Every structure is written in structure tokens, then in C-alpha cells.
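Novice: What follows is a single structure, and I will ask about it in a moment.
The values are calculated or read from the model by the stated rules, or taken from the named source; none is laboratory data. Keep in mind it's a predicted model, so treat the numbers as computed, not measured. In this analysis, Cβ positions are derived from the backbone assuming ideal geometry, glycine residues included, and neighbour counts consider all displayed protein chains. Accessible surface is based on the protein model in full, side chains and every heavy atom, while ligands, DNA and RNA are left aside. Shrake-Rupley method; radii C 1.70, N 1.55, O 1.52, S 1.80 Å.
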Amino acid sequence: MNAMNAVQHEVDRNYEEFQKLLPTLDDKSGKFALMREGRIINFYDTFADAYTTGKAVYDDRLFSVQRVTTEPVDLGFLSHALHIR
């Protein structure tokens, strides 16, 4: 599996698991979940904080960020396409 496919696979897997967990996350509404291997690692107040942490911790970039909201938002590759300083 090449790097792009690996990233997409990770994003897809995380999103599927996030959708299953979403009904239990009412107390985290508005926060951003840093996810890896289908698990929520931690919650952050901003997308930038979650993404920056993911980049710092996971050199392979195999993570994703999902916003906790009543309306699901798939950030997908957006988290890897944005340039965050």
C-alpha cells in the first residue's frame, strides 16, 4: 500500500469508528477528536491544536481529526491539505 492509500485507509477507518462513537460524545460537542487506528486519542478545542499534535506525535501522518457535532463532518484529506502554521 502506498503512502496516499495508507492515509486514506486510516482516514476512512477513523471516520467509520467515529460515527459509531458519536452518539456517546454529547459532552464533547464542538471539540475536535484526534484519531488513530480507529480510536480517539484525545479531544482539542481547535482543529489546529488537534492537527498540530497529530503531526508532532505521528511521523507517518496516519491520523485524522474529526469535529464532534450532531451533524457529521468528514474532514478526510482536508486535514492533510491545509497548511497550518
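Novice: For a test of the definition: using alpha carbon positions, the gyration tensor, and the 1.5 limit on a/c, classify the range 4-73 as rounded, prolate or oblate. The partial results should precede the final answer.
Specialist: Numbers: a/c = 2.21, a/b = 1.32, b/c = 1.67.
Oblate.
Novice: While we're on this one: Ignoring everything but the protein chains, give the 1.4 Å probe accessible area of residue 55 in square angstrom, nearest 10.
Specialist: Roll a 1.4 Å probe over it and residue 55 shows about 80 Å².
Novice: Can you tell me the order of 58-68, 4-14 when each peptide is scored by its average per-residue count of other Cβ atoms within 10 angstrom, highest first?
Specialist: Taking the mean over residues of other Cβ atoms within 10 Å, the ranking is 58-68, 4-14.
Novice: List the lysines whose alpha-carbon lies under 19 Å from that of residue 20, not counting same-chain residues fewer than 8 positions away?
Specialist: List returned: 28, 31.
Novice: Provide the FRET efficiency to the nearest 0.05 for the residue 43-residue 16 pair, computing r from the beta carbons and using R0 = 22 Å.
Specialist: 0.70
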